[in-house]
Amino acid sequence: MSVILSVTRNELRHLVRSRVALTGLILVALLTFAAALTSNAYQADQAGLRERLQHAADQDFAAQPNRHPHRVVHFGHFAIRPASGLAAMDPGVEAYTGNMIFLEGHRQNSANFGDARQSSLLVRFGQLSPALVLQVIVPLLLVFIGAGMIAGERERGTLRQSLLAGISGGALLSGKALALGLAALAISTPAFGLLLWLGASGGARLSAVGLTTLGYVAYLAFWTLLIIAVSATANRSRSALIGLVGAWAFMVVLVPRVAPEAAAALAPLPTRVETDIAVQRDLRSMGDSHNPNDPYFAAFKQKTLKQYGVTRVEDLPVNYRGLLAIEGEKLTSSLFDRYADQAFGAMEAQGRVMDALAVVSPTVAIRRVSMTLAETDLFAYRRFLEQAEAYRYDLVQRLNRLQATAVTAADDAAKSKNAAAEARSRISADHWQAMPHFDPKRPSAADVVGRAVPALVALLLWLAAGAVFAARAGHRLNRSAA
Amino acid sequence: MNALLREARFLLGLKSAVAAMVALFALTAVAVSAGLVEVARQEAAIARIGPQQASDVAAVTDWVSQGKDPGNAAYYTFHATSDPPSDLAFAAIGTRDVSPYVLRVRALGLEAQLYEGEIGNPEAALPGRFDFAFVLVYLAPLFVILLFHDLRSGEREAGRLRALEASVGAPSALWGARLTVRALGLFLALALPFFVGAFVAGTALWKVGAVLAVVLAYLAFWIVLCMVVARAARSSLANAMTLAAAWMTLTLIVPAIGHVAINSAIPLRQGMELGQTQRTAVHRAWDIPKSESMDAFFRTHPQWRNTAPLGEAFHWKWYFAFHQVGDELAGDLSRQYRQGVLERAAWSERLGLVTPGVATQLALHRLAATDPAAQIAYQDRIRAFHGELRRFYYPYLFEDRPFGRADFARAPEYRAAPAAGSWPVALLGGVVLMTALVGGIGFVRGRRVAS
């Protein structure tokens with residue numbers, strides 16, 4: 001043990017003395033710090049903005065004057081996506097999703113005003129966040145620092161001396177790995193600090209903070225072991241460096257980019273226009289409420305009359321137009337759900353294809369772990385859209401029920417021709433103030449953790465593979481000395 | 001010439017160099033094919049929508065032509081617009097995967113329709129596309145570094161440098177030939193797959209030329225940087241480390257910091273506010289006297305002022321008039337939003353002037369018309385088309401003309417025109433300037449070392 005520690009001490013002393021390595025470490029540590037700071041400030045700003053806009057939307061809705069309930073259905077409401085707890089650590093898909101949906105009757109609108117659409121092309125270089133620094137930049141810096149740690153000693157001849165002096169290959173390797181690992185931890189400290197702070201300030205769950213930390217530590221430990229093992233195996237520092245930069249480019253840059261191309265080919269998505277047209281077409285084939293002879297709505301009428309025990313629509317105790325609106329919304333909404341499920345089904349199939357590439361790249365695994373725990377993944381977005389849709393449906397049906405019960409059929413029929421009937425068809429503004437607010441629920445901690453587990457296991461397997469590789473490289477060092 | 005042939009033979013004998021060039025060729029080929037597939041997918045979607053849209057309009061026609069109410073026609077008929085990929089889009093997909101390239105609009109308020117999103121998998125958009133632009137901007141420099149970092153230092157470390165320089169008449173001719181052959185190899189590895197792609201996509205010749213100019217300028221920057229670093233006469237390892245650090249800074253760190261800086265300097269909150277403002281403005285019409293909305297409308301559309309006055313009953317012309325007024329009230333926010341998007345793009349170009357990777361990325365997307373400016377241009381075309389739609393429906397609405405089956409055929413049609421793309425002169429100039437600057441610094445420092 002003391003041998004390992006003395007190797008570590010020597011290596012660290014060497015790192016601090018080497019101007020290039022120290023400059024690199026300090027610069028990346030500063031970058032991590034800047035990323036943590038700006039990302040946190042940006043997310044806090046977004047959270048404030050979104051809260052303000054949601055509040056403004058709630059106020060606008062409640063401040064409506066006396067109106068016909070169907071006017072309110074068209075006035076609609078806005079659902080704004082609240083910021084998630086660990087978004088400052090890993091903004092995930094935040095920039096690529098819309099943040100605001102207009103909710104209205106008969107239509108399902110898209111979430112609009114996502115950042116990627118309104119940013120310059122620079123967004124495609126990656127957003128500066130602690131996640132980007134830890135996933136992409138820190139491994140490359142470790143490659144630079146670590147590629148020559150053992151191969152360099154071999155070139156200078158000091159490796160043979162150490163081994164002949166009785167330091168085992170395993171101890172040498174462990175000591176160097178420990179030094180590189182400590183350097184990795186040191187430059188990532190600002191990111192881990194941010195994680196802790198987010199956990200402590202109550203924005204994020206402790207389970208998410210803990211597992212995210214575990215995930216990143218495992219990821220960086222994998223790189224540390226890989227780098228040391230390659231350095232111990234390579235004949236020259238330069239070939240170790242080239243090999244490792246190649247491995248980095250493949251696993252960190254290439255695979256995550258190729259993955260979506262493969263996924264898009266396997267599970268194509270329809271365009272929004274096609275879905276809109278399909279919804280309209282299906283709606284026409286189900287029933288046309290404009291057509292008095294339409295079989296679906298004729299049957300609905302018979303059923304309603306029977307239910308109330310009357311023979312004519314005029315004798316109903318409620319406003320039949322309101323009942324029609326409820327039925328119509330039920331039809332359109334079931335279609336929206338069906339098509340949204342199809343689209344998300346395809347996206348999740350794409351996601352599985354992309355996740356499977358964790359077999360060739362640990363970066364794919366850490367991305368999944370990090371995004372899932374930060375609740376900035378596709379699932380979190382889907383959850384927001386589905387809760388917004390559920391809220392929309394509930395709101396519209398409440399208003400439709402008001403049309404059925406609080407507006408008389410006679411006034412409703414005459415409102416577009418007669419000003420007095422129009423005035424009577426307006427119901428009290430108190431109704432709008434009594435409507436529930438949009439209050440999206442976060443998924444349970446167990447749910448979030450459960451979805452992060454497979455990728456976390458993949459990451460730990462990568463770490464184990466790295467450890468095996470390093471152990472074998474250590475044995476080989478012993479043999480080479482003998 | 002002999003020197004070039006000799007160097008070419010020498011290079012082809014180096015296994016690692018050949019492997020590198022084959023790898024770059026293969027990556028470019030995959031990227032070009034992926035781009036062509038994506039463009040074909042988008043073209044197929046646009047083609048698929050044509051008949052679907054026609055049958056949708058036919059169904060509306062059947063229903064509306066019974067009552068011939070122009071208001072129903074204007075309210076229920078969607079009109080399709082599309083933004084087909086340009087002949088170079090395969091090389092740089094750009095924003096086409098996060099913004100719609102097909103959008104349907106009605107003659108109602110445009111501001112509520114213009115910013116509709118597309119169904120897309122955000123997790124697939126997040127890492128970015130694997131297209132020609134990506135291979136050129138990110139990967140090609142790594143290959144340049146691989147082939148050039150030890151051009152001289154490698155020979156020195158192998159102990160061959162003196163013998164090699166002594167065996168040829170002029171060492172500069174030797175290094176010139178060696179450099180040219182390697183540069184040519186990399187250039188061909190990038191250009192050949194691109195040529196095939198351009199041929200398949202039918203890319204205009206001037207754009208092919210422009211892309212080649214961009215490729216040359218960008219490769220030249222990295223080669224000059226390698227030469228400058230090599231002149232410091234250090235070990236191959238130190239060269240490789242310095243160059244890879246430069247690569248990380250120029251293609252990852254500077255753009256990421258630039259993005260944060262630009263987006264916080266030009267915050268775009270107008271988007272979400274715009275949605276709320278327009279909605280509230282439109283619906284206020286139901287609670288104020290109809291004449292107020294009509295007066296506001298007549299101020300911008302005096303030609304309809306003297307049409308039949310509104311009665312007590314609902315009239316579609318009032319409905320469409322207050323939608324127009326809502327758009328006009330949101331006009332300022334809308335213009336600010338549009339301006340903000342363009343301003344962000346303009347600042348990224350300024351960053352490009354000093355960051356060759358950014359300049360190359362922007363130049364290719366400019367040529368391919370897949371940048372935010374092209375997205376805004378599509379929105380502008382939709383805006384113009386929407387104006388046509390309004391001008392088409394308003395005479396029916398304001399003059400109470402019946403809207404029959406034949407009138408549906410008279411509706412304006414959106415004429416899709418692939419965006420032209422333009423020469424990225426300033427960006428290309430930026431790359432050349434930075435190359436000259438790095439070369440100049442290297443030259444000056446080299447002389448200082450020599451003296």
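The values are calculated or read from the model by the stated rules, or taken from the named source; none is laboratory data. These numbers come from a predicted model, not from an experiment. Because the Cβ atoms are built from the backbone with ideal geometry, glycine has one as well, and the counts that use them run over all protein chains shown. Heavy atoms of the whole protein, side chains included, go into the accessibility calculation; ligands, DNA and RNA do not. Shrake-Rupley method; radii C 1.70, N 1.55, O 1.52, S 1.80 Å.
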Flagged in the stretch B:227-252 as more than 33 Å from the chain's Cα centre (by Cα) and surrounded by fewer than 21 Cβ atoms within 10 Å (Cβ to Cβ), in numbering order, are B:Arg231, B:Ala232, B:Ala233, B:Arg234, B:Ser235, B:Ala238
How many residues are open to solvent by 40 Å² or more (accessible area, probe 1.4 Å) and either small (Gly, Ala, Ser) or under 32 Å from the mean Cα position of the chain (by Cα) (or both) when one looks only at the stretch B:3-22? 4
Residue that is under 29 Å from the mean Cα position of the chain (by Cα) and in a helix (DSSP H, G or I), where the choices are A:Leu211, A:Leu103, A:Leu182: A:Leu211
Which condition from (1) more than 8 Å from chain A (Cβ to nearest Cβ); (2) open to solvent by 10 Å² or more (accessible area, probe 1.4 Å); (3) closer than 30 Å to A:Ala346 by Cβ; (4) not aromatic (Phe, Trp, Tyr) is the one that B:Arg162 breaks? (3)
Only listed residue being touching a Leu at 6+ places or on another chain (Cβ under 8 Å) and more than 9 Å from chain A (Cβ to nearest Cβ), chosen from B:Thr61, B:Thr81: B:Thr81
Residue selected from the stretch A:69-81 under the condition touching a strand residue (DSSP E or B) at 6+ places or on another chain (Cβ under 7 Å) and either within 8 Å of chain B (Cβ to nearest Cβ) or small (Gly, Ala, Ser) (or both), by the criterion most open to solvent (accessible area, probe 1.4 Å): A:His74
Those residues of the stretch B:196-212 which are out of contact with any Phe, Trp or Tyr (no Cβ under 7 Å at 6 or more places or on another chain) and crowded, with 17+ Cβ neighbours inside 10 Å, in sequence order: B:Ala198, B:Thr203, B:Lys207, B:Val208
Scanning the stretch B:12-58 for residues that are among the β-branched types (Val, Ile, Thr) and away from every other protein chain (no Cβ under 11 Å), which turns out farthest from B:Val105 (Cα to Cα)? B:Val18
What helices (runs of 4 or more DSSP H) lie completely within the stretch A:340-421 and have 1 or more residues being among the aromatic types (Phe, Trp, Tyr)? A:378-406
In the stretch B:93-130, which residues are open to solvent by less than 10 Å² (accessible area, probe 1.4 Å), more than 9 Å from chain A (Cβ to nearest Cβ) and under 16 Å from the mean Cα position of the chain (by Cα)? B:Ile93
A:Gly243 fails exactly one of the following numbered conditions: (1) at pLDDT 85 or above; (2) within 10 Å of chain B (Cβ to nearest Cβ); (3) open to solvent by 20 Å² or more (accessible area, probe 1.4 Å). What is the number of that condition? (2)
Touching a residue at least 40 places away in the same chain (Cβ under 8 Å), within 11 Å of chain B (Cβ to nearest Cβ) and polar (S, T, N, Q): which single residue out of A:Thr8, A:Thr97 fits that description? A:Thr97
So which pairs qualify, if the first residue must be in the stretch B:170-186 and of a type in the set (Ser, Thr, Tyr), the second must be part of a helix (DSSP H, G or I), the Cβ gap must be under 7 Å, and the two must be at least 6 apart or on different chains? B:Thr180/B:Leu4
Name the residues in the stretch B:61-92 that are closer than 17 Å to A:Glu274 by Cβ and either open to solvent by 10 Å² or more (accessible area, probe 1.4 Å) or not hydroxyl-bearing (Ser, Thr, Tyr) (or both), would you? B:Phe78, B:His79, B:Ala80, B:Ser82, B:Asp83, B:Pro84
With the requirement that a residue be farther than 13 Å from A:Lys176 by Cβ and of a type in the set (S, T, N, Q), what does the stretch A:200-232 give you? A:Ser201, A:Ser207, A:Thr212, A:Thr213
Identify the single condition in (1) modelled with pLDDT of 90 or more; (2) buried (at least 24 other Cβ atoms within 10 Å of the Cβ) that A:Ser119 does not satisfy, given that it satisfies every other one. (1)
Count, please, the residues in the stretch B:307-344 that happen to be open to solvent by 20 Å² or more (accessible area, probe 1.4 Å), of a type in the set (Gly, Ala, Ser) and either free of Cβ contacts under 8 Å to residues at least 40 places away in the same chain or in a helix (DSSP H, G or I) (or both). 2
Out of A:Ser361, A:Ser370, A:Ser333, I need the residue that is in contact (Cβ under 8 Å) with a residue 40 or more places away in the chain, polar (S, T, N, Q) and surrounded by fewer than 20 Cβ atoms within 10 Å (Cβ to Cβ). Which one? A:Ser333
Collect the residues in the stretch B:151-191 that are of a type in the set (Phe, Trp, Tyr) and closer than 26 Å to B:Thr28 by Cβ, keeping them in residue-number order. B:Phe187
